[in-house]
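Throughout, read-outs are computed from the coordinates displayed, never taken from laboratory work. Being a predicted model, the structure only gives us computed values, none of them experimental. Note: ideal-geometry Cβ built from the backbone for every residue, glycine included; neighbour counts use all protein chains shown.
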Amino acid sequence: MRPATPPGVAGVSVFEVPAAERGAAHACLRTPAGRPFVPAAGRPQLALLVLGGDVVDEVLVVDRGGAGLELHTHGAPAVAAALRRAFPCSAAPDDAPAAAPAAALLRRALSAEQLDLALEQLAAPFPDFLQELAAAAPAARAAPGAAALGRSAVAMALAAPARVVLAGAQNAGKSSLFNRLLYRERALTGALPGLTRDPVAELTVLAGYPYELVDTAGEGPAGLPAAAAAIAAGRELRDGAFVVLVVDRARGPGDADRRLLARADLVVANKTDLPGAPWPAWFRCDLQVACATMDGAALRARFGAALRRLRGLPAAGPVGGPAALDREQLAALAALLDRGG
Ligand SMILES: Nc1nc2c(ncn2[C@@H]2O[C@H](COP(=O)(O)OP(=O)(O)OP(=O)(O)O)[C@@H](O)[C@H]2O)c(=O)[nH]1
Ligand SMILES: [Mg+2]
């Protein structure tokens, strides 16, 4: 027996029963009235699945003639586990390590762009490409290898979310920006400075690329130890992340903003619907927004485009050939090119 559907929580799981195991499978089936199961070739039949004396599930039995049977069970992991205990199961189709990253991306895709990339990569598997590259003379690897490295940088940006941390002074509008980008009121907002405490993270897709967007506590007076700890937790999340400095345009950059400027990847001036305060010429500004009044779609598009520019990424979608989808695949490519050089 072997699962024909990927592992995970699903509505239906399908198990393929080879012809040789047909008899053993029939022995575990009963009619819905509890009588011995009599196969009727050519039409799907409802049956009770009885394992170890217990009715485990009501299943659909599809007779595939010489190819054996299909058992369509309810997708509960407990049912699949009971079947695996009763029958020696071979691996699920996408357990194969070679196809794993592309198949995994197909399953968890959040956007059409990720789906398109997954389908492209399933059709042109990276492990096959790597094998061909390894078989080529070392001198012939450089050009296709460099092209694959370029494709891989884009593919990996599309496959896995990058963290974007919203930072800035208290009351600048970080949580308002967070909510507008997510299209829902996920974080508390309000005029009271220091409203956000613990970091709040959500996945979203901006300009086709996936992001883990994190709202953090604003820089400013901490008061209680819990507030100081929350500010520290937000700071820690900046490591390895893209940091977006949100500045209240109506107040202009303050001390906290000046301290954060060097670490900021993107500077967003918010509250442009209000009269602006002086803004020093040396204090850069990448984006001007008004979270309170701007259309959410326009805000998402402009924010996503700014991140894409910052990262030097092309329009999201298929990358034009086999590409690494995770660090392991990228390391394998890099190692091969090192050996070639
Ligand atoms: N006029 C105007 N007000 C805004 C805008 N964006 C946010 N605000 C207001 O500014 C106040 C602070 O907004 P928040 O989003 O809570 O600010 P924050 O940066 O998350 O604040 P902390 O969590 O305390 O660090 C709220 O009263 C918002 O309604 C804007 O674009 N225009
Ligand atoms: Mg906040």
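Placing +1 on the Cβ of each Lys and Arg and -1 on the Cβ of each Asp and Glu in the chain, which of 25, 124, 319 has its Cα farthest towards the positive end of the resulting dipole?
My answer, from the dipole projection, is 319.
What order do you get for 312-321, 276-285 when each peptide is scored by the mean count of other beta carbon atoms within 10 Å, highest first?
Going from most to least packed, we get 312-321, 276-285.
Near residue 208, within a Cβ-to-Cβ distance under 9 Å, what is the net charge of the other residues, with Lys and Arg +1 and Asp and Glu -1?
Overall, the nearby charge balance is 0.
For labels at residue 38 and residue 107 in the simple 7 Å Cα→Cβ model, what's the distance in nm?
Taking the simple label geometry, residue 38 and residue 107 are separated by 4.0 nm.
Note down the net charge around residue 268, summing +1 for each Lys or Arg and -1 for each Asp or Glu among other residues with Cβ under 12 Å from its Cβ.
Summing Lys and Arg as +1 and Asp and Glu as -1 gives +2.
Report the extension gain between residue 327 and residue 27 in nm, rounded to one decimal, defined as 0.36 nm multiplied by the number of residues separating them, less their alpha carbon distance.
103.3 nm
In square nanometres, what is one fourth of the surface area of the convex hull spanned by the alpha carbons of the chain?
Mean shadow area of the hull around the Cα atoms is 25.1 nm².
Pick from 62, 247, 268 the residue whose mean-square fluctuation is largest in a GNM of the chain, springs joining Cα atoms under 10 Å.
Of 62, 247, 268, the most mobile in the Gaussian network model is 62.
What is the range 162-294's relative contact order, in percent, from Cα pairs under 8 angstrom and six or more apart in sequence?
27 percent
Treat every Asp and Glu Cβ in the range 2-94 as -1 and every Lys and Arg Cβ as +1, leave all other atoms uncharged, and give the resulting dipole magnitude about the Cα centre to the nearest 20 debye.
180 debye
Suppose the Debye formula is applied to equal point scatterers at every Cα of the range 2-94; what is log10 I(q)/I(0) at q = 0.23 Å⁻¹?
-1.27
Whole number please: convex hull volume per residue of the Cα set in the range 162-294, in Å³?
Roughly 102 Å³ of hull volume per residue.
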